[in-house]
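Read-outs throughout are calculated quantities, based only on the coordinates presented, and are distinct from any laboratory measurement. Computed from a predicted model, the values in this text were never measured in an experiment. Here the Cβ positions follow ideal geometry from the backbone for every residue, glycine too, while neighbour counts run over all protein chains shown.
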Amino acid sequence: MKFTKFTLPAPPVTKTLMIVISTIFFLRLLIEPFQDFLVRYCALHVPYYLSDGPLYQGEFLHNDYFKPWQIITSLFIEVDALSLIVGMLLLWVFGSLLERTLGSKFFALFFLACGIVYSLTQIFVHAFFIPLDDYFCFAGCSRVCMATFIAFAILFPKSHVYLLIPPIRLTAKWAAIILFFFTLFFAMFTKLNITEWGTIGSMIASPLCIYIWSLWYRRSHRDEFEEYESDGYEYYEMR
C-alpha cells in the first residue's frame, strides 16, 4: 500500500485520537506532576491476589491503585517515543482507512471496544495466571492500534504491505496471520514483553467488531443487497 492523498489528511476520529495521545505524551514529558498523576490514576494497575492459594478458597482481587476508569484512560497514554511513533503511524494509515470504510461513529466504537478488551485481557491473565509486582502498571495505545491492522486485513485481504525486517512484500491477509502468531509466540514462550496477552485480546476482538459491523451494514442496506441478488449474483462485493 502506498502513501497517497487517501491517507492524508486523517478523518476526524483518527485525527482526534492522534492529537489527544500525542498531547498527553508531550505534557507528561514537560510536567512532572502531570506524569505522576497519569501513572497513579490513569495507567492500568492490575488487581492481584492477596494469597497464593487456589481460587476456590475465596481469595479476592485487590490493588489500592486500581480504578475502573483505568480500563479506558490507559489507552491514551504512551510510555516512550518509539511506541508513540508506531501507534500514530498505525492510526494514521490503517485507522484512516478503517474510519473511511466503517464510518466515524463505528470506528470510535471499534477503537474503544478493542481497547477495553485489551485492558480486560491484561487484568484476567495477570490477576489469575501470571502474577505481577504490585507496582507494575500498563499504558499505551500502540498495541491496541495493531487491531486496526487486523481489521484492515479482513476488509482488504489482497492489499499489499511491505515489511521492514525482513524487507519483503506480503498480502495483508498473510501479514496479519504472521503478526498474530508471532505475538502469540512471544506471549507463550518468552517474558520479553508481558503486554502481549492484551495485544492478542485486542486482535481477537477486531474481527468480532468487523463481523458486527458487517451485520449492521447488510441490515441497513438490505434493499441494495436484495436488488443486487435479484440480478442473479450470489454475493455482494463492497468496493
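Applying the criteria of a DSSP loop state and at most 12 other Cβ atoms within 10 Å to the chymotrypsin sites (Phe, Trp or Tyr not before Pro) of segment 111-141 yields PHE129, TYR135. Near HIS45, the amide H atoms lying under 5 Å from its own belong to LYS67, PHE138; only residues 5 or more places off or on other chains count, and H is placed 1.01 Å from N. Rg over Rh for segment 61-199 works out to 0.98, both radii taken from alpha-carbon positions and Rh defined as the Kirkwood radius. Couplings for segment 69-78, taken from phi via the Karplus curve 6.51 cos²θ - 1.76 cosθ + 1.60 with θ = phi - 60°, read 5, 5, 4, 9, 5, 5, 6, 9, 10, 9 Hz in order; Gly and Pro are left as x. Highest mean packing comes first when the peptides 97-109, 18-30 are listed by Cβ atoms within 10 Å, giving 97-109, 18-30.
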